[in-house]
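So the structure is just underneath, and the comments pick up after that.
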Amino acid sequence: MITCENLVKIYTIDDDHEVMALQGLDLQVEDGEMMGIIGNSGSGKSTLLNMLGGLDRPSAGKLIINDQNLLRLTDKDLVRYRLETVGFIWQNNARNLIPYLTAVENVELPMLLKGKLKRDRAKELLERVGLGHRINSKLNMLSGGEQQRVAIAISLANNPSLLLADEPTGSVDTKTADIILDVFRELNRELGVTIVIVTHDTLLTRKMDRVVAIRDGKTSSEILRRSHYSELLSTEQTDNDEDQNDTHVELAVLDRAGRIQVPRDYLDSIGIEDTNKLQVILEDGQIILRNPNGEKVGSLNN
Ligand code: ADP
Ligand code: MG
C-alpha cells in the first residue's frame, strides 16, 4: 500500500535556516495493516503523516501510495488524492470538527465537498463508531472521546483506503483512548482499511500489528507482534493470536546502505562516549560491535 524510500523533507525557515525533518526515511506498509508510529517529539512523525496524506510534498526520495507516485502528482490530482484515498484524524478536535453542526452534519461535510450527500451513509458511519444515539447532537454536547469518534466517522465519509491518525488519543484519558483504539481495530478488521496511527502511548501500541520507531527523521527500529514476526519468517504460527499481544520483538532497521542505528544506552554501556568509531567484527555467524579501545562487550545477532 505504501512504499517510502529514502524520503527527505526539508523545511526552509528563512534564508539561513533549514530543518531536515525527514532524513531518508524508509517504510513499507502492507494493504490492510494497522500500524503504529512512535518517536520523541520532533522526530518527524507528523511530517511523515502529512506526506502520506498529501498535505505537503516531500523534498526528495520515493513515495508510492496505492500505485500513485506522490512526488509526481499534479496539484489537481493531489487534491483528489486527499479527498478520495485518505482519511485524517488529528489530536486537536478543532481541526477535525465544526462545533456548531450536529454529528451527522459533520460527517456529511466531506461528502458535500465531493459532491454527493448521503445522509443514510453518514448515519451508518456514526453507528459504526458507536454513536448511533448521538446522531443529532451538537458537537459541543459531546465528550472528548465522543468527538474523536465523530472525527473517525468523518474520516471514513468518502470511503478511503487509508486512515491516518496523528496522536488521536492525545487529549483523552487512558480508558477513552483504549475505546478509540478498539474502534480503529474494528474498522481495520471489518472494512479492511489500512491504518497508520502516530502515538505516544506505548500501551496502545500493543493493539497494533507492527510499530515503527522513528528517530531523527529516520526509521530506527520496528516492533513486531511475535505472531506477525513468525509469519514474516514463514515459521509455524500458533492460532492463538489474541493472547500474544504482550510478546513483541524489536528489530533494528537496516537502511539501503546497510546502516543501522544503535541505541544510545547500548553505546554508553560499552563506553563509547568521546569517540564516534566502533569496531565491527564478523565472528561465528554474528556481527559484533566493539569499543575499539576496550573489551568485547556488545554483540548483535545476525
Ligand atoms: P513530531 O510530530 O515527531 O513531533 P514533526 O514532524 O512535527 O515531529 O517535526 C519534525 C521537525 O521538523 C522538528 O524539528 C520541527 O520543528 C520541524 N518542522 C515541522 N513542521 C515544520 C514547518 N512547517 N516548518 C518548519 N519546521 C517544521
Ligand atoms: Mg507531531
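General remarks:
- Top of ILE281, ILE270, ILE13 by mean-square fluctuation, Gaussian network on the chain, Cα under 10 Å: ILE281
- With K and R counted +1 and D and E -1, the other residues having a Cβ less than 14 Å from that of ASP216 yield a net charge of +4.
- 12 Å Cα-Cα reach of LYS45 towards aspartates and glutamates, excluding residues that sit fewer than 8 places from it in its own chain: ASP166, GLU167, ASP216
- For the chain, taking the reciprocal of the average inverse distance between every pair of different Cα atoms yields a Kirkwood hydrodynamic radius of 21.1 Å.
- Most simply put, the chain has about 70% antiparallel DSSP beta bridges, counting only bridges with both residues inside it.
- Relative packing of 282-288, 34-40, 250-256, which averages over residues the other C-beta atoms within 10 Å, highest first: 34-40, 250-256, 282-288
- Packing-based ranking, highest mean first, of 75-81, 90-96 given that Cβ atoms within 10 Å are counted: 90-96, 75-81
- The chain, dipole about Cα centre (Lys/Arg Cβ +1, Asp/Glu Cβ -1), debye to the nearest 20: 1120 debye
- For the chain, averaging the sequence separation of C-alpha pairs within contact (under 8 Å, six or more residues apart) and dividing by the residue count gives a relative contact order of 18 percent.
- For the stretch 1-43 and the stretch 106-164, distance of Cα centres in Å: 29 Å
- The stretch 3-115, Rg to Rh (Cα coordinates; Rh as Kirkwood inverse mean 1/r): 1.00
- Peptide ranges 192-202, 150-160 listed from the most packed, as the mean C-beta count within 10 angstrom indicates: 150-160, 192-202
- Straightening the chain between ASP67 and LEU282 buys 73.4 nm, computed as 0.36 nm per residue apart minus the Cα-Cα spacing.
- The gain in end-to-end length when the GLU273 to HIS200 segment is fully stretched comes to 23.4 nm, 0.36 nm per residue minus the alpha carbon separation.
- Euclidean distance of C-alpha centroids, the stretch 179-231 and the stretch 75-97, integer Å: 21 Å
Where a number appears in this text, it was derived from the coordinates with a stated rule and is not lab data. None of the values given here were measured: they were computed from a predicted structure. Methodologically, a virtual Cβ is constructed for each residue, glycine included, from the backbone with ideal geometry; neighbour enumeration extends over all protein chains shown.
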